[in-house]
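Chemist: Below are the structure tokens for one structure; questions will follow.
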Ligand SMILES: [Zn+2]
């Protein structure tokens, strides 16, 4: 798919509108397609539907399709998370996790805090397939509308572990990396990552995209998914 200058302009305008709304509507990350389309004018809708019809496999993505239905699981809202040994709170926006995954995440963080005095924070948890489309378009814009490069970094709606509660993904960050944690290769060099690499599996969390993975996705040290307690 090639995008005309006009279409690129339409995407930019649409994303600007969504970014403004995101500031006051914390539930945008869990919105369904009806909400997304309600926020769009006709030409934007046409374009959004074009992206929904895309098959990421033609861009080298070899991952799983989870389906683009909105989740009905019980989601916990995460807002401000306490930074160990301080009175401060980490504020990286509002995020959501299925209740069971949130419990495992908290348990893991308690163990990490006990071991190294540090913990991880959620930079992105559950994202509805409709919101995933927004994330995809934001990354596409950052990557100068190169679909192939974008598809290596972010999944199209229906193909993301962030929208699949049975294999729920979390992008972690640290107190030092803050909101820039995800997409930052520096995450691999943090104490928190080294701890996760050793212990996360005991709490049911697994690295989804190691170096040289077979899914056609870049190495993402911050992106882990939950597969139930394996202890
Ligand atoms: Zn992720």
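Taken together, the values in this text are just the output of simple stated rules run on the coordinates, not laboratory data. Please read all numbers here as calculations on a predicted model, not as lab measurements. Here the Cβ positions follow ideal geometry from the backbone for every residue, glycine too, while neighbour counts run over all protein chains shown.
Chemist: Put a dot 7 Å past each Cα toward the Cβ at residue 91 and residue 215; how far apart are the dots in nm?
Modeler: Calculated label separation equals 3.3 nm.
Chemist: Moving to a separate point now. Remind me, relative contact order of segment 73-231 in percent, using alpha carbon pairs under 8 angstrom and six or more residues apart? Kindly include the intermediate steps, with their values, before the conclusion.
Modeler: Numbers: 275 pairs, mean separation 32.9, N = 159.
Relative CO of segment 73-231 lands at 21 percent.
Chemist: Mean-square fluctuation check for the chain, GNM, Cα pairs under 10 Å: which of 46, 30, 120 is largest?
Modeler: Of 46, 30, 120, the Gaussian network model singles out 46 as fluctuating most.
Chemist: What residue among 35, 20, 139 has the largest mean-square fluctuation in a Gaussian network model of the chain, using Cα springs under 10 Å?
Modeler: Between 35, 20, 139, it is 20 that shows the largest mean-square fluctuation.
Chemist: Let me ask you something else. Please list the equivalent ellipsoid semi-axes of segment 94-231, computed as the square roots of five times the alpha-carbon gyration tensor eigenvalues, in descending order and whole angstrom. Intermediate values should be presented prior to the final figure.
Modeler: Numbers: eigenvalues 119, 54, 37 Å².
Semi-axes from the Cα gyration tensor: 24, 16, 14 Å.
Chemist: Still on this structure, I have one more. Between residue 197 and residue 58, what is the spin-label point distance in nm, taking each point 7 Å from the Cα along the Cα→C-beta axis?
Modeler: 3.8 nm
Chemist: Counting only C-alpha contacts under 8 Å and six or more residues apart, can you give the relative contact order of segment 1-138 as a whole percent? Mind dumping the intermediate values first?
Modeler: Details: 116 pairs, mean separation 43.3, N = 138.
Relative contact order of segment 1-138: 31 percent.
Chemist: Spin-label point model (7 Å from Cα, Cβ direction): what's the residue 20 to residue 37 distance in nm?
Modeler: In this crude label model, residue 20 to residue 37 measures out at 2.4 nm.
Chemist: A further question follows. Tell me, what are the semi-axes, in whole angstrom and largest first, of the equivalent ellipsoid of the chain as set by the roots of 5 times the Cα gyration tensor eigenvalues? Present the calculation step by step, with values, prior to reporting the outcome.
Modeler: Values: eigenvalues 183, 73, 54 Å².
Output for the chain: semi-axes of 30, 19, 16 Å.
Chemist: At 0.36 nm per residue, and after removing the present C-alpha to C-alpha distance, how many nm does the segment from residue 180 to residue 46 gain when stretched out fully? List each step's numbers first, then the result.
Modeler: Values: separation 134, 0.36 × 134 = 48.24 nm, distance 3.22 nm.
Full-extension gain reported as 45.0 nm.
Chemist: How many angstrom lie between the Cα centre of segment 153-210 and the Cα centre of segment 69-134?
Modeler: 11 Å
Chemist: Please identify, among 191, 168, 132, the residue showing maximal mean-square fluctuation in a Gaussian network model of the chain using a 10 angstrom Cα cutoff.
Modeler: Looking only at 191, 168, 132, the largest GNM fluctuation is found for 191.
Chemist: If you fit an axis through the alpha-carbon atoms of helix 42-52 and take the longest principal axis of the Cα set of the chain, what angle between them do you get, 0 to 90°, nearest 10?
Modeler: Approximately 60 degrees, to the nearest ten.
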